[in-house]
Amino acid sequence: MTLSRPQAGFTLLEIIVAVAVFAVMAAMAYGGLNTVLDTRARAMDHNQRTADIQIAVSHLSRDLEQFATRGIRDQFGDRQAAFIADPRHRYPLEFTRHGWRNPLEARRSTLQRVAWQLEDNTLTRYYWRHLDRADGAEPLRQPLLEAVDEIRLRFLDATMEWHEQWPPVNMPPEREGHSPVAVEFVLELEDRGRVRRLINLPGGR
């Protein structure tokens, strides 16, 4: 009579050790994957923030670079200068610009009246459909950049003197109606510090 050999297999202790090793490896793999995903999310947020800053700065710079020396009439019929910058006004920066594209050939001017304002820490652009406003005309609103602590502006005149508003308080009568020759704007961002740009205005005098 021959005795059968016992079948080979894993002991309970071996199974417990294998499960424990697998659990440790799985935890390490999950931690590594979570770190990779978290790093990727932060990188995407950083890249998106950078893109938002570039778009807002480019938009404001382009508006200024296409400045047009064309005044308007407001909703009350009063004449307004081509360029106005006064923190006491509803819109601290307001001016006329060239280059409003018209691919559909609508019956409107290619000049555009725009305004910029910081509201609730968001840099916002406004524009009107028509230069000379009808009674009750309201601008369209474009929020462009969040987390902005402050925007500072100053304006260079033809004598190379800087001013905090335009027209300057003590502008000589013979220079009334003139525009600045350059504008400097500084954005103080909550997370990226300071962004500064100096823009020459075409037609400034």
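For a Förster distance of 41 Å, can you work out the FRET efficiency between the beta-carbons of Ala106 and Glu184, rounded to the nearest 0.05? If you can, show how the numbers build up before the last one.
Details: r = 35 Å, r/R0 = 0.84.
Approximately 0.75, to the nearest 0.05.
Pop out the ³J(HN,Hα) list for region 86-100 in order, Karplus 6.51 cos²θ - 1.76 cosθ + 1.60 with θ = phi - 60°, rounded to Hz; leave Gly and Pro as x.
My calculation for region 86-100 gives 8, x, 7, 7, 4, 10, x, 9, 8, 6, 9, 9, 7, x, 7 Hz in order.
Starting with the highest mean, order 176-187, 47-58 by the number of other Cβ atoms within 10 Å, averaged over the residues of each peptide.
Values: 176-187: 18.6, 47-58: 14.1.
Highest mean packing first, the order is 176-187, 47-58.
Got the relative contact order for the chain handy, in percent, Cα pairs under 8 Å and 6 or more residues apart?
Normalised by residue count, the contact order of the chain is 16 percent.
Determine the calculated [θ] at 222 nm for the chain from helices alone, applying -39500 (n - 2.57) to every DSSP H run no shorter than 4 residues and normalising by the residue count; nearest 500 deg cm²/dmol.
-10000 deg cm²/dmol
Using a Förster radius of 30 Å, what is the FRET efficiency between His89 and Met44 based on their Cβ-Cβ separation? Nearest 0.05, please.
Numbers: r = 39 Å, r/R0 = 1.29.
Working from the Cβ atoms, E equals 0.20.
Sort 128-138, 15-25 by the packing proxy (mean of other Cβ within 10 Å over each peptide's residues), most packed first.
128-138, 15-25
Using a simple charge model, +1 on the beta-carbon of Lys and Arg, -1 on the beta-carbon of Asp and Glu, nothing else, what dipole does the chain show about its Cα centre, in debye to the nearest 20?
Magnitude of the dipole: close to 680 debye.
Read the figures in this text as sums done on the coordinates, not as results from a lab. Keep in mind that this is a model prediction, so the values were computed, not measured. FYI the Cβ positions are ideal-geometry reconstructions off the backbone, even for glycines, and counts take in every protein chain you see.
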